[in-house]
Amino acid sequence: MRYLPHTETERGEMLAAIGVAHIDELFAGVPTGSMPRELFGPSTHKGEAEVERIMSAMAAKNTTAGSVPFFLGGGAYRHHIPAAVDHLIQRSEFLTSYTPYQPEISQGTLQMLFEFQTQVALLTGMDAANASMYDGASACAEAVMMANRVTRRKKAILSGGLHPQYREATVTQSHYTEFEVHAAPQNPLEAEDLAALIDDQTSCVVVQNPDFFGRIKDLKKIAGACHALGALLIVAVAEVVSLGALASPGEMGADIVIGEGQSLGNPLGFGGPYLGLFAARSKFVRQMPGRLCGETVDQDGARGFVLTLSTREQHIRREKATSNICTNSGLCALAFSIHLTLLGEVGLTRLARLNHANAVKLADRVDGIGGAEVINDTFFNEFTLRLPQPAEQVANELTARGVLGGIPVSRLYPGEAALENLLLVTATELTMEDDIEALAGALNRVLA
Amino acid sequence: MTDKKYSREHEWIKLEGEVATIGISNYAQEQMGDVVFVELPAVETTLEAGSEAAVVESVKAASEVYAPVSGEVIEINGELEENPGAVNEDAEGEGWFMKIQLDDLNELEQLMDAEAYAAYVASLD
Amino acid sequence: MTEITTHSGHRGLDMAEPLIFEQGASGRSGVDWPEVELRNSRIGAAARKRSIGLPGLSEPEAVRHYVRLSQKNYAIDLGLYPLGSCTMKHNPRLNEKVARLPGFADIHPLQPMSTVQGALEMIDTLASWLKGLTGFDSIAMSPAAGAHGELCGLMTIRAALEAMGNARERVLVPDSAHGTNPATAALCGYRIDAVPSNERGRIDKAALLEKLGPDVAAIMLTNPNTCGLFEEDIVEIAEAVHAAGAYFYCDGANFNALVGKVRPGDLGIDAMHLNLHKTFSTPHGGGGPGAGPVVMTAELGRFAPLPHVIKSDDGYTIVEHNAGEGDRATNHLGRMRSFHGQAGVFVRALTYILSHGSDGLRKISEDAVLNANYIAARLKDDLSVPYPGPYMHEVLFDDTFLNGTDVTTLDFAKAMIDEGYHPATIYFPLVVHGALLTEPTESESKQSLDQFIETLKALAADAKSGKAEMFKNAPVLTPVRRLDETRAARQPVLRWRPAALPEAAE
């Protein structure tokens, strides 16, 4: 076995040094009797070539996004990843290191995290960000719990425009930590009046921008309504590239910003691992979940970085910790940070404009085909198309014609009649004219 | 020194009229190491003897501070927010945590005087 | 040691590297995207008007920055990483290669299921292996890490108890447990009741039995425990827990000691998470991503969070929603995250499992246990072991051997750094004084272990021969020396700010 160095002779020598005759003596007290010698038949270890053949055969059964005209988003976006990103994150010193508990030999990871925290703070318009969470949905649940701690209130209001999986993750959590969730109806065709739902027991209002249906909102008004009654405004950002074109949530009055960072540096990867972003105003820092990296000096006065404010965390505070999170998404945060460093202000701004320009082109092209209608007044790179028939059926027919044309909203909201005909459609910088024409042509035939 | 009382959880308490000033003992501060943060209760909080009143944190540990007596918090030491190191420098003086309007002066009877506390601490080592 | 200063600030291969915010020039970029004109913007009133403040670096500047940073990190690929409880084993590069196949990396989680049959097959195949290795009938694949898995397991247990009409109130957690255990139980609304360890480093069975009662929801036990010892009374404990109507949750962080040797499902455990980034070698990446699937009994499986993959004659389907309100067959507690789990981590773990096969997996645990016991046998007279062996995959030392030397566990760990080793896990578990929890893993050769052992023997001798000063000063051969953590915590600086701008008002 290529990963196991010992020869049988060495194993024998080591057993002798320990003073036992057989490896089984070291498992004395472990009831090993019931373990079958073979699992799944006489499956033995395999060489690289054979394993690669088996795994490649599985991979080949999937239709890759890059092989067809592709328009899916809904919280996971297909962007170009610069070649340098994947090369750098595979550097052994990043890939095969652990959480930086020994700062003297972890300055690479720690400085990167400090830069990542700064980048996220700048993008979101917040004072501080943590070193990442699992993904956007779990970050959302953690943000609501944090708002409950800060305000000592237990009623969260979730906008109907919040990604349904973020909402579900939050609702799941609310059941066990006993806070109330008031979810506004999710019909995008009806206006929602979140301000009317806020009262003096409200801990927070969670609003996604752009929302799940792609619409962009100016959040200043809802921020004002929250603050007037002592509630916090939590803004969720599922498509982080949008921040290259939109005013930051902080500028619009957010108190906590959570997001999904996959769009920068991380592949679609069938939904994970992704990167939860978590940022807040500085007065709430001690209530934040997750790891924080901070600047300090070493005993010679040189600048260095350490994990700090650890007393919030489970390994010290145990049952009184702000969260149970331990492992986060370090390598995904590195990919995000490298991609954003490569882009810089100019690159991110251009990337965001390109996304928007392509989405505008796409919306103009498909609006009106066979009775399809773009329902958004505003959008960034994703919008909602109302079809004259159930969207799932249309999406399947598009697939049959070789086009991955969008996400039927019913995939996330099954059984909601008002949402049945809605299709979420996304364009990014990777969407070409030919792709747009392919979708338009296929839609024409499917809706004819 | 003689006017201070001490609890088994290493809080000190100093009475002036019905107002008690509370902090952690010099022994406790030595055990904690560098204090980096003190979380204090809001003014007007009502505390019961034995309930959690504050949290004092070092780099690697967080310890609850329990109210040695019952009463209402009437003042907190805001200086500690800027300078938590005051707890290390002068735990039983400038490093005080809060002032409490006492409910029941008799509760003080349960506490140790300086001499008894010194003996108690000696028994811990 | 003579202090060496250079004009550049670099020291040979150790490059001084400023923050990205202190480099580059505005207007520069490392990516060429065209400037497009927006004729009919649909962004509306919320369009960005101010600059963000991101620096501009070209590709060579950015690449050099991250390469320089990388060289300030210790890594498994660089040397022995005996961080107890973390299982820092070799990360095979085949796993990375396979995870980057477009058929896994370039597929969207919400594509029609007909277009991702291979990905669903991959998840289902891994799920079958994990269930087979642990002896359970059900699995929840979506948790993102070990602690997330614990949360999944405890929420599932609570859902099952609630379905029986009483969620109960207490969760029993040994005092040697990982901090995530009590934190998780608290997140599920339970009160934590700590169970002491006995003089043999195991849970005090009598104390445990006494604490059991009708208000106990579950016990959370790590096995092997955090002292690197097998809880031999586990079957008896499981029986008592079940007799009290409670569930037995096992923290599977230390499964590397048992894989292929014993199935936890055979021992009476009801649910257990697996850290794929430990036992199944997916890279730790400087602190994640991990994956924490939870194996469980069929009874609990009915309440496990969504989604889950099912196989039928028509192929694979991923179930993303409960069938309906009050449906006993699909009474799942909901979703804990977006999409389907850490698919990219699954690919790596499955590749690792297929490489080993069932015979190779058994060899993993045997070699891991052999290595830990070899270290223990050869160091027990130089360092100090609080509990007698045999040990499982890790050995716990305490600081008795440093008594009277003025050297602390921390000092000893820092001296290991100068010797080119990552220290063991220090000051954990809390049940012994000055712990050094040492886990070599199966990846180390005998030569590597011998060199490590000789180094530790020499360091122990140094400590005992009055060289405390050397330990107090360590490390000296690192890019930075001991850092002022008090300052970092008293005045937190959590981000870079431009010098010209004042701190935002608080």
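Every number in this text was worked out from the coordinates using simple rules, so none of it is lab data. Since the model is a prediction, treat every value here as computed from it, not as a measurement. Reconstructed Cβ throughout: ideal geometry from the backbone, glycine too, with neighbour counts over all protein chains shown.
Say we join alpha carbon atoms closer than 10 Å with springs in a Gaussian network model of chain A; which of A:A121, A:A363, A:A321 then has the biggest fluctuation?
A:A321
Which angle between 0 and 90 degrees, to the nearest 10, do you get for helix A:107-124 versus the longest principal axis of chain A when only C-alpha atoms count?
10 degrees
Taking every pair of alpha-carbon atoms in chain A, give the share separated by more than 29 Å as a whole percent.
Of all Cα-Cα pairs in chain A, 54 percent lie more than 29 Å apart.
What residue among A:F380, A:F94, A:F336 has the largest mean-square fluctuation in a Gaussian network model of chain A, using Cα springs under 10 Å?
Sorting by GNM fluctuation, first place goes to A:F94.
Provide the net charge surrounding B:I76, with neighbours chosen by a C-beta distance below 11 Å and charges set as Lys +1, Arg +1, Asp -1, Glu -1.
Net charge around B:I76: -4.
Tell me, A:M432, B:M32, C:M155 in order of fewest to most beta-carbon neighbours within 10 Å?
By the 10 Å Cβ count, ascending, the order reads A:M432, B:M32, C:M155.
Relative contact order of chain C, please, whole-number percent, based on alpha carbon pairs below 8 angstrom and at least 6 residues apart.
Once normalised by length, the contact order is 18 percent.
Just to confirm the number: angle between the C-alpha axis of helix A:48-60 and the first principal axis of chain A, 0 to 90 degrees, nearest 10?
20 degrees
Assign one of three labels to chain C, namely rounded, prolate or oblate, based on the Cα gyration tensor with a ≥ b ≥ c the square roots of its eigenvalues; rounded applies when a/c is under 1.5, prolate when it is not and a/b is larger than b/c, and oblate otherwise.
Taking the square roots of the gyration eigenvalues as a ≥ b ≥ c, chain C is oblate.
How many angstrom separate the Cα center of the range C:248-296 from the Cα center of the range B:1-62?
Measuring centre to centre over Cα atoms gives 42 Å.
So which of B:K5/C:K211; B:K60/C:K467; B:K60/C:K89 end up more than 32 Å apart, counting from Cα to Cα?
B:K5/C:K211
What does the charge count around A:H22 come to, taking other residues whose C-beta lies under 12 Å from its C-beta (Lys +1, Arg +1, Asp -1, Glu -1)?
-2
List, in the order given, every pair from C:K205/C:K472; A:K221/A:K320; A:K217/A:K361; C:K72/C:K97; A:K154/C:K311; A:K155/A:K283 whose Cα-Cα distance in the structure shown is over 31 Å.
C:K205/C:K472; A:K221/A:K320; A:K154/C:K311
Give me the dipole magnitude in Debye, nearest 20, for the range C:388-506 about the Cα centre, with unit charges on the beta carbon: positive for Lys and Arg, negative for Asp and Glu.
It comes to approximately 440 debye.
Aspartates and glutamates near C:K464 by alpha-carbon distance under 16 Å, same-chain residues fewer than 8 away left out - which ones?
Partners found: C:D381, C:D382, C:D398, C:D399, C:D406, C:D411, C:E454.
Peptide C:301-313: average number of partner chain Cβ atoms within 10 Å per residue?
1
Of all GluC sites (Glu not before Pro) in the range C:176-243, which ones are in loop regions per DSSP and have a Cβ with at most 10 other Cβ atoms within 10 Å?
Hits after loop and neighbour filter: C:E199.
For the charge dipole of chain C, defined by +1 on Lys and Arg C-beta atoms and -1 on Asp and Glu C-beta atoms about the Cα centroid, which residue among C:T409, C:Y66, C:G189 has the Cα displaced farthest towards the positive pole?
Checking the options against the dipole of chain C, the answer is C:Y66.
Along the charge dipole of the range B:4-124, pointing to its positive end and built from +1/-1 on Cβ of Lys, Arg, Asp and Glu, which listed residue (B:S7, B:I76, B:L124) has its Cα farthest out?
B:L124
If you place +1 on the Cβ of every Lys and Arg and -1 on the Cβ of every Asp and Glu, how big does the dipole about the Cα centre of chain C come out, in debye to the nearest 20?
Dipole size: approximately 1340 debye.
Using only Cα atoms, find the angle between the long axis of helix A:433-446 and the longest principal axis of chain A, and express it within 0 to 90 degrees, rounded to the nearest 10.
So the helix axis and the longest Cα principal axis differ by about 70 degrees.
If you rank C:R495, C:R68, C:R348 by fewest surrounding Cβ atoms within 10 Å, what's the result?
C:R68, C:R495, C:R348
Please report, in debye to the nearest 20, how large the charge dipole of the protein assembly as shown is about its Cα centre when each Lys and Arg carries +1 at its beta carbon and each Asp and Glu carries -1 there.
For the protein assembly as shown, the charge dipole is close to 3040 debye.
Counting just the Cα atoms, what span does the protein assembly as shown cover along each of its three principal axes? Round to the nearest Å and put the largest first.
That works out to 91, 77, 72 Å along the principal axes.
Below 8 Å, C-alpha to C-alpha, sequence gap of six or more: please give me the relative contact order for the range C:358-485 in percent.
It comes to 29 percent, rounded to a whole number.
Can you pull out the GluC sites (Glu not before Pro) in the range A:34-68 that DSSP calls coil and that have at most 14 other Cβ atoms within 10 Å?
Here the sparse-neighbourhood loop sites are A:E38.
Within straight cross-link reach of A:K46, meaning Cα distance under 12 Å, which aspartates and glutamates are found once same-chain residues fewer than 8 apart are removed?
The qualifying aspartates and glutamates are C:D359.
Can you find, among A:G290, C:A140, A:M146, the residue farthest towards the positive end of the dipole of the protein assembly as shown? Put +1 on the C-beta of Lys and Arg, -1 on that of Asp and Glu.
With unit charges placed on the Cβ atoms, the residue in question is C:A140.
Considering only the protein assembly as shown, what is the antiparallel percent among its DSSP beta bridges, to the nearest 5?
Once the DSSP bridges in the protein assembly as shown are tallied, antiparallel ones form about 70 percent.
As a footprinting exposure proxy, order B:W96, B:W12 by other Cβ within 10 Å, with the fewest listed first.
Result, fewest neighbours first: B:W96, B:W12.
Between A:V68, A:V237, A:V205, find the one with the highest GNM mean-square fluctuation for chain A; connect C-alpha pairs within less than 10 Å.
A:V68
How much net charge surrounds A:G66 when only the other residues with a Cβ under 12 Å from the Cβ of A:G66 are counted, with Lys and Arg +1 and Asp and Glu -1?
-1
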